[in-house]
Amino acid sequence: MLHGPNLNLLGDREPEIYGRITLAEIDRRLTALAAELGVHVETFQSNHEGELIDRIQSARGRISAIVVNAAGYTHTSVALRDALAASGVPVIEVHLSNVHRRERFRHRSLIAGIATGQICGFGVDSYLLGLRAAAALAAGG
């Protein structure tokens, strides 16, 4: 699970859009769901594009799927998109808010074209649905 820039501020940042849940709580819920599903999940957050790319590249050959909320990089980062495409595994794009109901610039995702699927607008459940989808894809489903 990759969390992009500013997601470390969840709980305080624009709660009317993102809610009051913290990133630590999202990660706890992901870990609990992973245990229930019988899969392993690693979580990583960075405000730095290169660190996210390094993490994707270091996971090549040892992971079965990537769930990513690239946050602002969703709309701007060709480099992140290319790293995800080169990962060789299914990519599930998730967002807490419904990006299609927000500012026009958020409607365009550079990741969507290489992602297996996109889940947005369900708050923390977007992440949990994304993990469920990734687990199913990794199992060949």
Open item on the list: For segment 85-109, give me each residue that is closer than 20 Å to Tyr18 by Cβ and open to solvent by less than 50 Å² (accessible area, probe 1.4 Å).
Closed with: Ile92, Glu93, Val94, His95, Leu96, Ser97, Val99, Arg102, Arg106, Ser109
Open item on the list: For segment 21-56: of the residues being of a type in the set (S, T, N, Q) and in contact with a helix residue (DSSP H, G or I) (Cβ under 6 Å, 6 or more places away or on another chain), which is nearest to Ala79 (Cα to Cα)?
Closed with: Ser46
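Taking segment 1-37 as the search range and keeping residues that are of a type in the set (Gly, Ala, Ser) and touching a residue at least 24 places away in the same chain (Cβ under 8 Å), which one is farthest from Ala136 (Cα to Cα)?
Applying the first criterion (of a type in the set (Gly, Ala, Ser)) to segment 1-37 yields 4, 11, 19, 24, 32, 34-35.
Among the residues that remain, those that are also touching a residue at least 24 places away in the same chain (Cβ under 8 Å) are: 4, 19, 34.
Values: Gly4: 24, Gly19: 28, Ala34: 12 Å.
Only one residue fits best here, namely Gly19.
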- [ ] Assess whether Arg81 counts as being over 12 Å from the mean Cα position of the chain (by Cα), at pLDDT 95 or above and surrounded by 15 or more Cβ atoms within 10 Å (Cβ to Cβ).
- [x] yes
Task: Pair list, Cβ under 9 Å, 6 or more apart: segment 128-141 residue buried (at least 17 other Cβ atoms within 10 Å of the Cβ), other residue assigned to a helix (DSSP H, G or I) and among the small types (Gly, Ala, Ser) - done: Leu131/Ala34; Ala135/Ala34
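The values are calculated or read from the model by the stated rules, or taken from the named source; none is laboratory data. Everything numeric in this text was worked out from a predicted model, so none of it was measured. Cβ coordinates were reconstructed from backbone atoms using ideal geometry, including for glycine residues, and neighbour counts include every protein chain displayed. Ligands, DNA and RNA are excluded from the accessible area calculation, which covers all protein heavy atoms including side chains. Shrake-Rupley method; radii C 1.70, N 1.55, O 1.52, S 1.80 Å.
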